[in-house]
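Read through the structure below, which is laid out as structure tokens, and then see the notes.
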Amino acid sequence: MPIAGFGTSFATEQSIRDALEAGYRHFDTSLNYMNKDETIQMEIVMGNVFNDVISSGKIKREELFIVSKLEEWDHQRDRVPIAITQSLTNLGLDYLDLYLIHGPESTERKNVSLVETWMGMNDVLESGLTKSIGVSNFDRTQIRSILGTGVVPVTNQVISNPYWTQKPMLAYLQSHNITMTAYSPMGGITDPDLLKDAKLNEIAQFHRVSNAQIAMRYQIQRGVIVIPKANHQKYIVQNLDLFSFNLLDYEMTEIEALNKH
Ligand SMILES: NC(=O)c1ccc[n+]([C@@H]2O[C@H](COP(=O)([O-])OP(=O)(O)OC[C@H]3O[C@@H](n4cnc5c(N)ncnc54)[C@H](OP(=O)(O)O)[C@@H]3O)[C@@H](O)[C@H]2O)c1
């Protein structure tokens, strides 16, 4: 799983093409993500682009790492194969690299336990519709409940950035050999002012990179996967340029101290 991926919620066909061109191979999407104009599902937009680049021989399917998610209305065990098949049809693919439960809440929660949903996820893993399975927005109690099945999720995708470091969650996941994936790595809608932070700016100036690059390098350096979304081509390129500088230990500590949540 490439540690730097591309988020696709409210993205565009052009941004997916630009991301492939810039070198991204890991794409995060979901059945319910829409494009920027909210006129078409992102999976369908991505499917058209993947079809182009794979059929023209520019990129092989095996080079891509495609992640999609199970929505809250599909948590019943027998709904999981139907839901993933819908995503695969939209994407024009015959398998996903990773399939996640988008969140622990279910519109059918009264009838469906997390363990039942997780068994449905294991069914699609065993039938080869996805290469791996994981969760998103789970707390530690919820993760513990599915670990009881003996099937370990490969990742928990949660909100994380310098204002929301998720230190206890990261420690818990690492102790179980589960990766953490950070969504909204630049603050998203929860902390829209993150990229104006004075400390991030000071560190960014020292390394001659942007505040966004510092926010993401911080995650990578502590072993966390990042999935920034950008429609501006300049940002798309910049957000993958995370491997030419190193944060010093005290800078990592200073960033960690920005945590507010
Ligand atoms: N599992 C979940 O429940 C969940 C929830 C939320 C998100 N996600 C996933 O995580 C992805 C990313 O999260 P997000 O979209 O909430 O937030 P984000 O990636 O933290 O922020 C996206 C915003 O930052 C801007 N931006 C991107 N790169 C920048 C840069 N280098 N400098 C300045 N601004 C920059 C973008 O601008 P432009 O687009 O205008 O270029 C966009 O407005 C989503 O697309 C989705 O795939 C998952």
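The values are calculated or read from the model by the stated rules, or taken from the named source; none is laboratory data. All figures in this text were calculated on a predicted structure; none of them were measured in a lab. As a convention, Cβ positions derive from the backbone with ideal geometry for all residues, glycine included, and neighbour counts pool all protein chains shown. These area figures cover heavy atoms from the full protein model, side chains too; ligands, DNA and RNA do not enter into them. Shrake-Rupley method; radii C 1.70, N 1.55, O 1.52, S 1.80 Å.
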The chain, dipole about Cα centre (Lys/Arg Cβ +1, Asp/Glu Cβ -1), debye to the nearest 20
360 debye
With +1 at each Lys and Arg Cβ and -1 at each Asp and Glu Cβ, the charge dipole magnitude of the stretch 6-153 around its Cα centre, to the nearest 20 debye, comes out at 320 debye
For the pair Thr253 and Glu63, how long in nm is the line joining their label points, each one 7 Å along Cα→Cβ?
4.3 nm
Label-point separation (nm) for Ser175 and Ser113, each offset 7 Å from Cα along Cα-to-Cβ?
2.4 nm
Based on DSSP, what percent of beta bridges with both residues in the chain are antiparallel, to the nearest 5?
10 percent
Heads up, the stretch 17-59 by the C-alpha gyration tensor (a ≥ b ≥ c square roots of eigenvalues; a/c under 1.5 rounded, else a/b over b/c prolate, else oblate) looks prolate
I need the peptides 53-60, 86-93, 135-142 ranked by packing, meaning the mean over residues of other C-beta atoms within 10 angstrom, with the highest value on top.
86-93, 135-142, 53-60
GNM on the chain, Cα springs under 10 Å; top mean-square fluctuation among Glu13, Glu126, Glu63 goes to Glu63
Taking amide H positions as placed in the peptide plane 1.01 Å from N, state which residues far from Tyr183 in sequence (5 or more) or on other chains have amide H under 5 Å from it.
Val158, Ile159, Ser160
How large a share of the accessible area of the stretch 6-153, in percent, is made up of carbon and sulfur atoms when the probe is 1.4 Å and the other protein chains stay in place?
48 percent
Short to long, in 10 Å steps from zero, the percent of alpha-carbon pairs of the chain per bin is 7, 31, 35, 22, 6, 0
When the chain is treated as a Gaussian network with springs between alpha carbons less than 10 Å apart, the largest mean-square fluctuation among Val112, Val224, Val67 is found at Val112
Candidates Trp73, Trp164, Trp118: whichever shows maximal mean-square fluctuation once the chain is modelled as a Gaussian network with Cα springs under 10 Å:
Trp73
Considering only protein heavy atoms, what per residue accessible area in square angstrom results for the stretch 126-176 with a 1.4 angstrom probe?
42 Å²
Against the 2.2 N^0.38 Å scaling, with N counting residues, where does the stretch 127-255 land? I'd like the Cα-based Rg ratio to two decimal places.
1.14
Note to self: C-alpha centroids of the stretch 32-64 and the stretch 92-143 sit apart, in Å, by 22 Å
I'd like the Kirkwood hydrodynamic radius of the stretch 6-153, using the inverse of the mean 1/r over distinct C-alpha pairs, in Å.
15.7 Å
